[in-house]
Amino acid sequence: MLILAIDTSAVASAALVSDDALEGVVASFATEDTRSHAEVLAPGIEDLLASAGVAGRDIDAIVAGVGPGPFTGLRSGIATARTLAFVWNKPLYGMMSLDAVALEVAESTDAVREFLVVTDARRKEVYWARYSLAEGQLPLLEDGPHVGFAADLPDLPAYGAGAGLYSDVLKANPAFSAEQPDALFLGQFALARLAGGGQLPDTTPLYLRESDAQVPGPRKRAL
Amino acid sequence: MNRSQPLVLGIESSCDETGVGIVRGTTLLTNTVSSSMDEHVRFGGVIPEIASRAHLDAFVPTLRQALDDAGAELADVDAIAVTSGPGLAGALMVGVCAAKALAVATGKPLYAINHLVAHVGVGLLDGQAGSAPRLPDNLGALLVSGGHTEILKINSITDDVGLLGSTIDDAAGEAYDKVARILGLGYPGGPVIDRLAKTGNAKAIRFPRGLTQPKYMGTAEEPGPHRYDWSFSGLKTAVARCVEQFEARGEDVPVADIAAGFQEAAVDVITSKAVLACRENGIKDLLLGGGVAANSRLRELTGQRCASAGITLHVPPLDLCTDNGAMVAALGARLVMAGVAPSGIRFAPDSSMPVTSVSLPA
Ligand SMILES: [Zn+2]
């Protein structure tokens, strides 16, 4: 099974993962910055397909990171994934973006039984989720995702760029203090779930925050 | 690629309408629009984040519907066009990302085009009542909507468009919305004020015409700094003051007279400046575009003043005046027919894209 995974919840990334390939990875790319998704994502995917010699018809499913993440960037990946799935007529699934970091933690030597994944939510807040790990299992989402202040999080080892940003109040793991959700791990997570007979959700974005719109109050009358 | 009669699919997401239109050369095949307007009503104006969320969910269904309506397959499309600006940054991003994905998945060339010039392009489609039968040599365009108020001179629709004047603050449609809110008439303001104004006395209260003093206007030989520009924020404030004065005196607010007086002030200054700009720039054909083209008084007065100035007025059908994908496709087809190179997939949307940029270079 060949999956094209896309995540733009923080940086822009995409990957081709397959259970036939060595280590599961066919090809992948990720940007450094969190603000130029519109420019880099489509060319990145085009190059990814070309370098792997893969055409749209060869892909079995498309997976999009559904956040949480800054809204405009998050939507660029979901809009891209939905459109590709429509044109190529492929199954489309969503994956919670923090799962990518959780899998990366699980596959590292820094893994612990219970931990947090934390990313930057801007406005002095973080997106976070709590995971547990059991031997030989995929990370299990225990709580979240949520948005809130770093100081209010459970007292557990914290992984991800949001932990690095608030290392003064979080038990940030230094090896993961700049880590962002990456489509590579998201795709592998999805592949593992599907292979295990699991279900994946649709691509409804996890905004976690309202649109900030205020219903205007009545106009003050001059008395 | 078929350059004489290209099949072009256009995508629009600059404000609150998700539009997908398909044209063959200068012939309209379909114009499918999904609007999030209802979701903005309780806020009294377009909320960018709500519009962006709606675009994301509306895009694929709108695309599917457009292809079905036109009986077209993506494989038959010669080129894709998308609004890359001006407009709301987050809203533009959805359409641009979707358009790029469409280009990657189909291998079709992509044109990143200017929304304002697209309003002109749609007026040049064949067989539409009110549209210009051919591309006139001395063409101007008056665009009036909730997002813009501009007068353009089109020397070449594909590569030479100039901005003669624009609003320096609120768009005209925005002024209608704000005044409707002051008068407690709800959103959107245009249709309700237009309806109510017909029952009021437009001469009962005189509201100011912005930027019409000599220091702004100058003369034809020595134009002032805002000869063809508009300003509507002072007009809105004047309406608010007027309402407050009636309330302070404990009198009933003459809502219909105020609506009529406001509409007359807005439409008078829009049309007088537009016609002045036409006369002084050799414009013989004027195209009206934007949602406020639906306003009965604007159509009437623009028609009268154009006629006395010897200018032919063209008003496309209303569903083509408001934001839509057909206008993007129409301009895209013009670019293909003129042999303009596509934009590629590396461009960024530009929320303040100038009209001098008809399409983005690769
Ligand atoms: Zn418009």
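The values are calculated or read from the model by the stated rules, or taken from the named source; none is laboratory data. As the structure is a prediction and not an experimental result, all values here were calculated from the model. Cβ atoms come from the backbone with ideal geometry, glycine included; neighbour counts cover every protein chain shown. Just so you know, the surface numbers come from the protein's heavy atoms only, side chains and all, with ligands and any DNA or RNA stripped out. Shrake-Rupley method; radii C 1.70, N 1.55, O 1.52, S 1.80 Å.
Measuring nothing but protein heavy atoms, the accessible surface of the protein assembly as shown at 1.4 Å probe radius is 49 percent carbon and sulfur. Quick one: grab the alpha carbon gyration tensor of the stretch A:1-154, order the square roots of its eigenvalues as a ≥ b ≥ c, and give me rounded if a/c is under 1.5, else prolate or oblate depending on whether a/b is larger than b/c. Note, shape of the stretch A:1-154 comes out oblate.
The residues of the stretch B:163-195 occluded by other protein chains by 10 Å² or more of accessible area, set against the chain on its own, are B:R181, B:I182; surface from heavy atoms, 1.4 Å probe.
Projected area of the stretch B:1-120, taken from the Cα convex hull and averaged over every viewing direction, in nm²?
Details: hull surface 28.3 nm².
Over all viewing directions, the stretch B:1-120 projects a mean Cα-hull area of 7.1 nm².
Within the stretch B:12-82, list the GluC sites (Glu not before Pro) lying in a DSSP loop whose Cβ has at most 15 other Cβ atoms in a 10 Å radius.
Answer by residue number: B:E73.
A Förster radius of 45 Å combined with the Cβ-Cβ distance from B:Q304 to A:R123 puts the calculated FRET efficiency at roughly 0.30.
Chains A and B together bury some 3200 Å² of accessible area, summed over both sides, with a 1.4 Å probe.
If R0 is 22 Å, the Cβ-Cβ spacing of B:A362 and B:M1 corresponds to a FRET efficiency of close to 0.90.
Round to a whole angstrom and tell me the spacing of the C-alpha centers of the stretch B:223-296 and the stretch A:73-101. So the two Cα centres are separated by 46 Å.
Using the Cβ-Cβ distance between A:V169 and A:S132 with R0 = 25 Å, the FRET efficiency computed as 1/(1 + (r/R0)^6) comes to roughly 0.65. Solvent exposure of the protein assembly as shown, expressed per residue, is 39 Å² of accessible area, with all protein chains present and a 1.4 angstrom probe.
Working note: 222 nm ellipticity from helices only, DSSP H runs with n ≥ 4, each -39,500 (n - 2.57), summed and divided by the residues of chain B, gives -13000 deg cm²/dmol to the nearest 500. Principal axis extents of the C-alpha atoms in the protein assembly as shown (largest first, rounded to whole Å): 84, 65, 41.
With the simple spin-label model, which puts each label point 7 Å out from Cα in the Cβ direction, the A:D143 to A:V215 separation comes to 3.2 nm. The relative contact order of chain B, computed from alpha carbon pairs under 8 Å that lie at least 6 residues apart in sequence, is 27 percent. In this simple spin-label approximation, A:A21 and B:L163 carry label points 7 Å from Cα along the Cα→Cβ vector, and these lie 4.5 nm apart.
Here the extension length gained between B:S352 and B:N155 equals 68.8 nm, from 0.36 nm per residue of separation less the Cα-Cα distance.
Pairs of lysine residues in chain B that meet both criteria, 8 or more places apart or on different chains and Cα atoms under 20 Å apart, total 10.
Cross-link reach is defined here as a Cα-Cα straight distance under 28 Å, omitting same-chain residues fewer than 8 places apart; for A:K171 the lysines meeting it are A:K124.
Do you know which residues of the stretch A:4-42 lose at least 10 square angstrom of accessible area in the protein assembly compared with their chain on its own, with a 1.4 angstrom probe? Those residues are A:A38, A:E39, A:A42. Panel note: contact residues of the stretch B:17-54 (accessible area lowered by at least 50 Å² against the chain on its own; 1.4 Å probe) correspond to B:F43, B:E49, B:R53. Here the Karplus relation 6.51 cos²θ - 1.76 cosθ + 1.60, evaluated at θ = phi - 60°, turns the backbone of the stretch A:172-187 into coupling constants of 6, 7, x, 5, 10, 6, 10, 6, 10, x, 10, 4, 4, 6, 5, x Hz, with x for every Gly and Pro.
Centre-to-centre, using Cα atoms only, the stretch B:52-101 and the stretch A:1-67 are separated by 21 Å.
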